[in-house]
Amino acid sequence: MELLEWESARQYLAPPTVLRDPERAARQSLRSQIARLEQELSEAFVTAYPMGVVGPVAVAGARREVRMLDLGELERARDDLVERLRAARAAIAERAEEHAANRLYLERMLLEPGKHRFARLSRSDIGEPGCGDWQVRPRLGLIGMLMGWWQVKLSSGCPLP
Amino acid sequence: MSGELATSEGFVSPEVGSELPGLRLRWLRLETEARPDAREVRARLRQLSDRIHGAGVIAMRTRPIHRAYRAFFRQTGLDPDLQRPPAEQAATVRLMRGELSAPDALHGALLIALVETGVPVWALDADQVHDGGLGIRQTGEGERLGDTLLRPGRLVVSDEVSIHALLFGGLDRSHEADGSTPRVALFAVGVDGVPDMHLEEALWLATQALAGG
């Protein structure tokens, strides 16, 4: 029993080898975190770009020299990436919600065009690539307006250069 | 120029190697008396240029090699959105100018290697490189690149005698090779996440392009 207690205590007394230079271990850990965050930020950028969300903004006045960063600098780099990733994800989520709301509105336009007279949505408003607008317009022009004949028209194709 | 390429592993100073495992340099000396046909290099660049499109450039940063260089930039104090890694920079310039272009056949060959592999290759005048070979280290107090005084602790490419380049930065102009340099030293820098094979391939592609292959 005594031996077991000693073995149990020894695991707390003997420092693991990785802690011999704790600051170096911390720097390595931060570099791993930075690499992972950079990957996630890149993936967020690729998702955000076609949605029209502005990509990661570079920090003005950042140093342009390659050197080994100390612990504090690595922490700042990590925190900066965390903040950028949070902002990018928030912007993507916000834009995705806008697209969802616009898709719902388009369905309403299609179901009841008369209630959404002259409403207009573009493909980009619902997160689709390419050109084209859905617009609620009267059938047969003025007659349709007077008679309450409304329809949704989809303009097609991008304008020629 | 065919067959196995005799590249050398450059030195990495112990303090740099222990902090940045995976950072390495491979290099070789090359006679360039047989000048490559500039038209062939231009034609090759045109072919490569046609392969670069906007969507691909956007997604580039998520591919393993480019991702590795971006991560290294972040880990060493650069912002890859401000100072792009070389392959991303080349692709962005291609989108903006509409073509890949180089001032001479030598730099055209380096550009071909970069675009094909994602690994940057630089060329120095081999006569300026000490026999001990190239490597990566930190600068000390009062060291210079050409006329420019460097801050201590910067990562540089050097030999036993002099500093030739800032890591992922500018080369000493008086050591830089151009289209008329008879003997060049090519070097490629790899980081954690970039397999050795890619460095070898980048150097091999550059030598092949210089040989007109």
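The values are calculated or read from the model by the stated rules, or taken from the named source; none is laboratory data. Bear in mind that the values here come from a model prediction, so they are computed numbers and not experimental data. So basically every Cβ, Gly included, is an ideal-geometry build from the backbone, and we count neighbours across all protein chains shown. Just so you know, the surface numbers come from the protein's heavy atoms only, side chains and all, with ligands and any DNA or RNA stripped out. Shrake-Rupley method; radii C 1.70, N 1.55, O 1.52, S 1.80 Å.
Overview of values
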read-out: Scan of the range B:174-194 for residues that are surrounded by fewer than 21 Cβ atoms within 10 Å (Cβ to Cβ), out of contact with any strand residue (DSSP E or B) (no Cβ under 8 Å at 6 or more places or on another chain) and within 28 Å of B:ALA68 (Cα to Cα), ordered by number; value: B:ASP192, B:GLY193
read-out: Condition broken by B:GLN83, with the remaining ones in (1) polar (S, T, N, Q); (2) open to solvent by 50 Å² or more (accessible area, probe 1.4 Å); (3) not in a helix (DSSP H, G or I) satisfied; value: (2)
read-out: Tabulated pairs, the range A:31-44, first closer than 19 Å to B:ALA59 by Cβ and at the interface with chain B (Cβ under 9 Å from one of its Cβ atoms), second open to solvent by 60 Å² or more (accessible area, probe 1.4 Å) and in a helix (DSSP H, G or I), C-beta under 8 angstrom, 6+ apart or interchain; value: A:LEU37/A:VAL82; A:GLU38/B:ARG67; A:GLN39/B:ARG67; A:SER42/B:ARG67
read-out: Exclusive hit being modelled with pLDDT of 95 or more and in a helix (DSSP H, G or I), set B:ALA109, B:ALA59, B:ALA113, B:ALA55; value: B:ALA113
read-out: Options B:LEU205, B:LEU149, B:LEU171, B:LEU166: the member that is of a type in the set (A, V, I, L, M, F, W, C), surrounded by fewer than 16 Cβ atoms within 10 Å (Cβ to Cβ) and either closer than 21 Å to B:GLU31 by Cβ or within 14 Å of chain A (Cβ to nearest Cβ) (or both); value: B:LEU149
read-out: Single residue of A:ARG24, A:ARG10, A:ARG64, A:ARG31 found to be over 18 Å from the mean Cα position of the chain (by Cα), modelled with pLDDT under 85 and within 30 Å of B:GLN138 (Cα to Cα); value: A:ARG64
read-out: Only one of B:ALA71, B:ALA105, B:ALA113 that is touching a Lys or Arg at 6+ places or on another chain (Cβ under 9 Å) and within 19 Å of B:ALA206 (Cα to Cα); value: B:ALA105
read-out: One residue from B:GLU15, B:GLU19 being surrounded by fewer than 14 Cβ atoms within 10 Å (Cβ to Cβ), within 14 Å of chain A (Cβ to nearest Cβ) and closer than 18 Å to A:MET68 by Cβ; value: B:GLU15
read-out: Subset of the range B:32-58 [touching a Ser or Thr at 6+ places or on another chain (Cβ under 9 Å) and either within 14 Å of chain A (Cβ to nearest Cβ) or of a type in the set (S, T, N, Q) (or both)]; value: B:THR32, B:SER49, B:VAL57
read-out: Matching residues in the range B:103-128 - criterion: being open to solvent by 10 Å² or more (accessible area, probe 1.4 Å) and farther than 28 Å from B:GLY193 by Cα; value: B:PRO103, B:ASP104, B:ALA105, B:ASP125, B:ASP127, B:GLN128
read-out: Top-ranked residue of the range A:95-124 - restricted to ones that are modelled with pLDDT of 90 or more and within 17 Å of the chain's Cα centre (by Cα), ranked as nearest to A:GLY52 (Cα to Cα); value: A:ARG95
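Each row is one residue, and each column tells you yes or no for (1) touching an Asp or Glu at 6+ places or on another chain (Cβ under 9 Å); (2) open to solvent by 40 Å² or more (accessible area, probe 1.4 Å); (3) in contact (Cβ under 8 Å) with a residue 12 or more places away in the chain; (4) outside the structural domain of A:SER32 (by TED's automatic domain parsing).
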| residue | (1), (2), (3), (4) |
| --- | --- |
| A:PRO50 | no, yes, yes, no |
| A:ILE92 | no, no, yes, no |
| A:HIS116 | no, no, yes, yes |
| A:ARG123 | yes, yes, no, yes |
| A:LEU140 | no, yes, no, yes |
| A:GLY157 | no, yes, yes, yes |
